[in-house]
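Here the structure comes first, spelled out in structure tokens, and everything after it is commentary.
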Amino acid sequence: MNNDNVEKKLLEASKQADKFFSSFDYNKLNNTVLLKLKHENNKENRIKMLGGFTVKVSVIAVCFILILVISSSLGIKKTIQNNNDFALLGKPVSQQMIDFGNTKLNQWLNYFKIDKPDKKMESNLLAVVWESGTKGDYDMVYSSVFENSNKPCPVYNLDFPGNYPSMVLISSQNDRSQYMHYRILGYKGNKLSAYVEKDYVTGCKIEVIDGVLKETRLIPSSYSEEIKDTDQMNNVVTYYIPYQHSESGNIISSVNFLRIFKGDKIALFGDYDVPIDIAGNNLLIQEDTNEENSIKYLHAEKSGYQNIYIKSKDGKVIKKVSIEVLSNDDINEY
Amino acid sequence: MYDFAENQTEVVSDNKDELNYLMKRFSKKVYKLAYYYLRDKHQAEDICQEVFIRVYNNLDKFRQESNYYTWIYKITINLCKDYLKSASFRKLFAAGTISDLNISCRETNKMFEEVEGGEVFSKIMELPTKYRIPLSLHYFDGFTTAEIASFLKISESNVRVRLHRGREKLKALLSRGD
């Protein structure tokens, strides 16, 4: 099928959509909204008529009953929960479709609740990525355990320009969102692998902006044996820039330009460990790499403008990423 | 370009009248957008009602900095995303296995073909959300890439990439059907 045929099919789909949506009764929908609003208004008026005193007494009574009910059922709930934990094994607590930009394969991400062999009642999640096989069956292609964590988060894509495969960010939090675990997954050849694996990231917020992962985490302003005051925590922002090699040997990154603030960090990671050069006036200082040497960290020391060059091993192919470092005085402008 | 240019100078004094005006003008568009996200008539209807209740409750806060439709579309998208993240949706989703889901998808498609005769439309609805939404907004509702970028809070080039990849995926799906 060529592109013209696809355009024709899309035009056909547009007509089918019109037909499909024309059957819906929009007047009925509008009337339902008006009825709901009228009902809400009546309810508000009734509450006002009841008067402040009656409402307060009711609220106190309800709270009192709730406290009694909760405190008396805590023991029962705990027992039920203990029994159910084993019953939940085997069924996913969450299921999401994921997409690496490969048109031929379907992938799903499941989170399963699991316990450790010592049966200690912790909330651990097992993340499993399934891939459709040639016969329509599913094979497990990746799995990872997120310890002490019970809240799966939505999947994010780190897209590359053109038709290059995406990377996918999977993550989970604990109940009170004190920390987060996350993995950045992508294909290395035919194998799905984790490029970045982070566990127990305190006060973590993640967002994906134009194919770059922005991670904000809390770290203590000074390290000591005991953290006495949680207010002494600082935000540290790290931008994870992915790159990959194309079939023709070029290096592709998700961005060509990135604007960050002084003090922020940059982490470069990709499908092969390659040397990185920083040209210019030393705004960005290269820090240690991770243990596997697969992630290169840079730290923005000064404000200004600088280029990073990601090089192939033989140095023949170079990818430039331009970085603008803003000073703290510029913060108000952005 | 989108076929209705919003006339921001139109002044409607009473909130209920204003709501009526907005519902007449946008309910179809909002319903369609919610359907693109949720692919369920009843859920889309619920979201649509919630959107206009929120619109009514926030009319006084609407500062006319953007078009009505941009504002309403953003509310719709946020509500759909919240719903997809919500416990009730996950519970519904996690209740079955992958094979159950495939069977359910096939049954839905069959229903589409028999009742609506919309084979290509149902194929587009099978695509992942990130391709389905830009394709639907562009080809069914006539939005430009700039407008879609503004609704989805992504760059225009990203919208173009998604449209391209979406077309490729659709091509693969349709070829498989042949």
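The values are calculated or read from the model by the stated rules, or taken from the named source; none is laboratory data. These figures come from a predicted structure and were not determined experimentally. Every residue, glycine as well, gets a Cβ built from its backbone with ideal geometry; the counts of neighbours run over all protein chains shown.
Okay, here's what the table says:
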| read-out | value |
| --- | --- |
| From B:6, B:10, B:45, B:18, residue being more than 9 Å from chain A (Cβ to nearest Cβ), within 16 Å of residue A:34 (Cβ to Cβ) and either in a helix (DSSP H, G or I) or modelled with pLDDT under 90 (or both) | B:18 |
| Within region B:59-75, tally of residues that are closer than 21 Å to residue A:34 by Cα and modelled with pLDDT of 85 or more | 4 |
| Members of region A:309-325 found to be over 26 Å from the mean Cα position of the chain (by Cα), buried (at least 16 other Cβ atoms within 10 Å of the Cβ) and modelled with pLDDT of 80 or more, listed by number | A:317, A:319 |
| Close pairs (6 angstrom Cβ cut-off, 6 or more residues apart or separate chains): closer than 17 Å to residue B:50 by Cα and facing chain B (nearest Cβ under 7 Å) in region A:14-34, surrounded by fewer than 19 Cβ atoms within 10 Å (Cβ to Cβ) and of a type in the set (Lys, Arg) anywhere | A:26/B:28 |
| Scan of region B:21-37 for residues that are at the interface with chain A (Cβ under 7 Å from one of its Cβ atoms) and within 8 Å of the chain's Cα centre (by Cα), ordered by number | B:31, B:32 |
| Enumeration of residues in region A:191-215 that are among the acidic types (Asp, Glu) and either in contact with a helix residue (DSSP H, G or I) (Cβ under 9 Å, 6 or more places away or on another chain) or over 18 Å from residue A:147 (Cα atoms) (or both) | A:207, A:210, A:215 |
| Per-region count, region B:147-178, residues in contact (Cβ under 8 Å) with a residue 12 or more places away in the chain and more than 7 Å from chain A (Cβ to nearest Cβ) | 12 |
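Conditions (1) hydrophobic (A, V, I, L, M, F, W, C); (2) part of a strand (DSSP E or B); (3) within 12 Å of the chain's Cα centre (by Cα), marked per residue:
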| position | (1), (2), (3) |
| --- | --- |
| A:175 | no, no, no |
| A:182 | no, yes, yes |
| A:186 | no, yes, no |
| A:192 | yes, yes, no |
| A:195 | no, yes, no |
| A:201 | yes, yes, no |
| A:208 | yes, yes, yes |
| A:215 | no, yes, yes |
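This table checks each residue for (1) part of a strand (DSSP E or B); (2) surrounded by 19 or more Cβ atoms within 10 Å (Cβ to Cβ); (3) modelled with pLDDT under 85; (4) more than 11 Å from every other protein chain (Cβ to nearest Cβ).
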| position | (1), (2), (3), (4) |
| --- | --- |
| A:89 | no, no, yes, yes |
| A:94 | yes, yes, no, no |
| A:97 | yes, no, yes, no |
| A:104 | no, no, yes, no |
| A:119 | no, no, yes, yes |
| A:122 | no, no, yes, yes |
| A:130 | yes, yes, no, no |
| A:135 | no, no, yes, yes |
